[in-house]
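Since the structure comes first, as structure tokens, the remarks are kept for the end.
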2 protein chains.
Amino acid sequence: MARVRRLSQVGEFGWLKKLIPRLYWPSSLHPQLCIGPGDDAGVLRISSGRVLVATTDTLVEGIHFERKWTSPQDLGEKLLAVNLSDFAAMGHVKPLAALVTLALPGDTPVNFVNNFYQGLKSCAHRWKVGFLGGDTVGSRRDWVVSVTLLGEANPHELVRRKGAQRGDFIAVIGPLGMAAAGLEVLKKGNKQAWTAPLIEAFWRPQPQLRAGAILGQRRLASSLIDSSDGLEASLKLLADASRLGVTLELASISVNPSLKRWANGRGKNPLHYVFLGGEDYALVFTVNPRDWSAVQRLLPKARKIGRMVAPGKGISLKSYGFAHF
Amino acid sequence: MARVRRLSQVGEFGWLKKLIPRLYWPSSLHPQLCIGPGDDAGVLRISSGRVLVATTDTLVEGIHFERKWTSPQDLGEKLLAVNLSDFAAMGHVKPLAALVTLALPGDTPVNFVNNFYQGLKSCAHRWKVGFLGGDTVGSRRDWVVSVTLLGEANPHELVRRKGAQRGDFIAVIGPLGMAAAGLEVLKKGNKQAWTAPLIEAFWRPQPQLRAGAILGQRRLASSLIDSSDGLEASLKLLADASRLGVTLELASISVNPSLKRWANGRGKNPLHYVFLGGEDYALVFTVNPRDWSAVQRLLPKARKIGRMVAPGKGISLKSYGFAHF
């Protein structure tokens with residue numbers, strides 16, 4: 001009897017993420033499709049000069065969070081923030097409205113749900129996002145919370161994952177590696193004053209919408225992504241999308257002191273968290289060297305960490321020893 | 001110690017569904033919000049003369065389906081169909097694109113996922129819906145599948161839940177009660193030739209998009225909803241939205257022969273399934289009597305089942321004995 005292939009054997013959902021771009025797109029809608037699956041958000045032409053941008057993200061109990069160390073308010077805030085980060089990763093997108101889906105077991109305390117919505121609302125208020133609707137359904141055991149976020153943009157102010165040129169600088173804005181360390185802190189129940197910034201980075205990622213807007217409006221980035229799956233994954237996606245290679249100046253990657261202390265205490269290199277940790281929601285982007293001074297002026301927190309080079313010419317990340325610790 | 005109130009004690013998610021309409025809508029977006037939470041779909045003004053319509057529906061293993069009697073292809077087809085039914089319930093809406101979210105345990109067979117997408121695609125092909133993106137995440141045990149559907153409309157061709165006038169006819173188009181019986185058949189594993197139409201009604205609900213489009217384009221319906229939670233719930237929502245009451249001509253409600261046979265075999269009145277069963281996705285709408293001949297001509301399958309009356313004047317559904325069998 002043939003063995004049944006299971007999802008866990010085909011690269012932890014990598015295969016599935018590849019499947020979606022192959023999905024159906026009817027020819028009658030071709031004039032309206034600007035960007036389909038496979039970027040940070042989908043883009044649809046709705047009126048002349050403006051496009052609709054849509055993205056969706058889901059957090060699952062037991063996978064992304066555990067109830068015992070989760071405040072429902074934090075969960076609501078984070079769920080909307082990670083969707084907003086997808087918009088930041090598309091350039092200049094104005095968020096409009098969210099649809100919220102909750103799957104909850106019947107024994108969920110009512111207060112838990114109230115607090116979840118308080119968290120959502122507080123993030124929505126900050127970024128002027130409205131609620132357009134949603135669905136609320138039962139579940140047997142786990143919380144599953146999901147947001148679909150809609151926004152609008154001028155298509156010329158969007159920045160794709162592809163578009164980098166050989167010689168472009170690689171830059172980042174936002175913290176790296178801290179959220180992954182924060183998740184470890186939460187799992188170990190090790191809350192102390194010095195670990196607070198790590199927990200904060202995990203629960204309150206700051207969507208880099210203003211940075212994305214500047215990069216898109218001024219056309220300063222040639223390609224752009226967020227670092228939701230760790231820096232290594234983001235660099236690989238950017239490099240593959242533009243069929244280029246990457247060289248890095250490791251010394252230029254700044255490591256937060258709490259992250260350094262946490263990594264040292266666990267006998268790990270802090271760059272392990274930077275490259276392989278996830279859920280940071282920093283922006284990773286490429287810049288033509290002639291635009292770098294403008295980036296530095298407008299986004300003083302942006303850090304240059306490397307360069308795009310010919311494919312195969314760069315030193316691969318693997319040879320740095322960060323692919324398989 | 002105060003007792004913790006849990007969701008299961010506050011009316012099976014009814015409370016939650018009421019919570020969502022109270023959510024935040026920023027004043028900066030007021031000019032763009034046409035219809036917020038609380039109707040069959042949300043509506044956002046994107047360009048002059050056209051609006052964006054959005055809806056989302058989720059199916060959860062153990063709640064909406066059991067893996068042992070579910071073909072993943074049926075599941076994919078149904079998930080998109082129930083979202084399309086929300087559009088039908090808004091009048092004339094052109095579906096554009098879907099975002100698909102899957103939460104799946106790692107031991108899910110790869111073929112299961114392939115077949116799920118085949119089902120989605122087959123429904124998408126029929127209704128010319130494109131895929132704009134989505135998210136794929138892990139789960140500990142249960143499948144959770146979710147679609148957010150986007151479409152566009154002329155705002156004058158939308159029909160709300162509210163808008164019925166006293167004296168309007170109440171009409172339905174589409175099967176009633178069959179899906180709820182089909183679910184019982186599936187749970188009991190009682191597949192026979194005569195129960196096949198019931199199973200078909202459960203797994204392959206036909207979104208009444210063409211009927212909705214006619215009702216919206218010709219402005220023939222004064223209010224409109226789908227019957228996803230059973231006829232009683234739909235009538236109650238329509239009556240409450242227009243602050244009216246309802247009288248019904250029970251004899252005019254046609255009962256499918258397979259439904260009658262299934263109900264008889266279980267010692268139940270078939271109207272039990274019609275009023276309290278769910279997942280039918282028929283349309284329930286109100287019509288000014290002067291427009292009824294046009295409805296009959298354009299939608300020959302529409303059946304008149306009652307009338308909107310002054311609030312408190314109609315015989316309540318409860319007094320028919322169908323609220324609590």
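Structural remarks
- Long pairs among A:Lys268/A:Lys304; A:Lys121/A:Lys260; A:Lys187/A:Lys260; B:Lys78/B:Lys191; A:Lys68/A:Lys301; A:Lys128/A:Lys162, criterion Cα-Cα beyond 26 Å: A:Lys121/A:Lys260; A:Lys68/A:Lys301; A:Lys128/A:Lys162
- Region A:247-287-region A:174-216 distance, computed between alpha-carbon centres (Å): 12
- Label distances, nm, A:Gly106 versus same residue in remaining copies, Cβ-directed 7 Å point: 3.2
- More than 26 angstrom apart: percent of Cα pairs within region B:88-234: 41
- Over the Cα atoms of region B:250-303, the radius of gyration divided by the Kirkwood radius equals 1.07; this is the Rg/Rh ratio.
- Charge tally around A:Glu77: other residues with Cβ under 12 Å, Lys/Arg +1 each, Asp/Glu -1 each, net +2.
- Length added when fully stretched, B:Arg243-B:Arg45, from 0.36 nm per residue minus Cα-Cα: 68.6 nm
- If you wrap region B:169-320 in the convex hull of its Cα atoms and look at it from every side, the mean projected area works out to 8.9 nm².
- The DSSP beta bridges internal to chain B are antiparallel in roughly 80% of cases.
- Nm distances between copies for A:Gln296, ranked from closest, using label points 7 Å along Cα→Cβ: 8.1
- Counting Cβ atoms of other protein chains within 10 Å of each Cβ in A:45-52 and taking the mean gives 4.
- The calculated FRET efficiency for B:Ala251 paired with B:Gln118, based on their beta-carbon distance and R0 = 45 Å, is about 0.55.
- Gain in span if fully extended, A:Asn269 to A:Arg166, counting 0.36 nm per residue against the direct Cα distance: 34.1 nm
- Shielding by partners - mean other protein chain Cβ count within 10 Å, residues of A:54-64: 6
- Rotation relating B and A, chain A residue nearest the axis via C-beta, angstrom: A:Ser47, 1
- Taking chain A and dividing mean pair separation by its residue count, relative contact order in percent (alpha carbons under 8 Å, at least six apart): 21
- Over region B:169-320, Cα pairs under 8 Å with separation of 6+ residues give a relative contact order of 44 percent.
- Pair-distance distribution of the protein assembly as shown: all C-alpha pairs, bin width 10 Å, starting at 0; shares per bin in whole percent are 3, 15, 25, 26, 17, 9, 5, 1, 0.
- From its DSSP helices (H runs of at least four residues, each -39,500 (n - 2.57)), the protein assembly as shown gives a residue-normalised ellipticity at 222 nm of -9500 deg cm²/dmol.
- Inter-copy label distances at A:Arg261, shortest first and taken from points set 7 Å along Cα to Cβ: 7.5 nm.
- Placing R0 at 30 angstrom, the Cβ-Cβ distance between B:Leu298 and A:His125 gives a FRET efficiency of 0.05 after rounding to 0.05.
- Each Lys and Arg adds +1 at its Cβ and each Asp and Glu adds -1 at its Cβ; summed about the Cα centre, region A:169-320 shows a dipole of about 300 debye.
- Two-decimal Rg/Rh across chain A, once Rg and the Kirkwood Rh are taken from alpha-carbon atoms: 0.96
- Mean Cβ neighbour count within 10 Å, used as a protection proxy, ranking A:301-311, A:119-129, A:138-148 highest first: A:138-148, A:119-129, A:301-311
Since every read-out is calculated from the coordinates, none of them should be taken as a lab result. Predicted model only: the values in this text are computed from it and were never measured. Note that we place each Cβ from the backbone using ideal geometry, even for glycine, and neighbour counts take in every protein chain shown.
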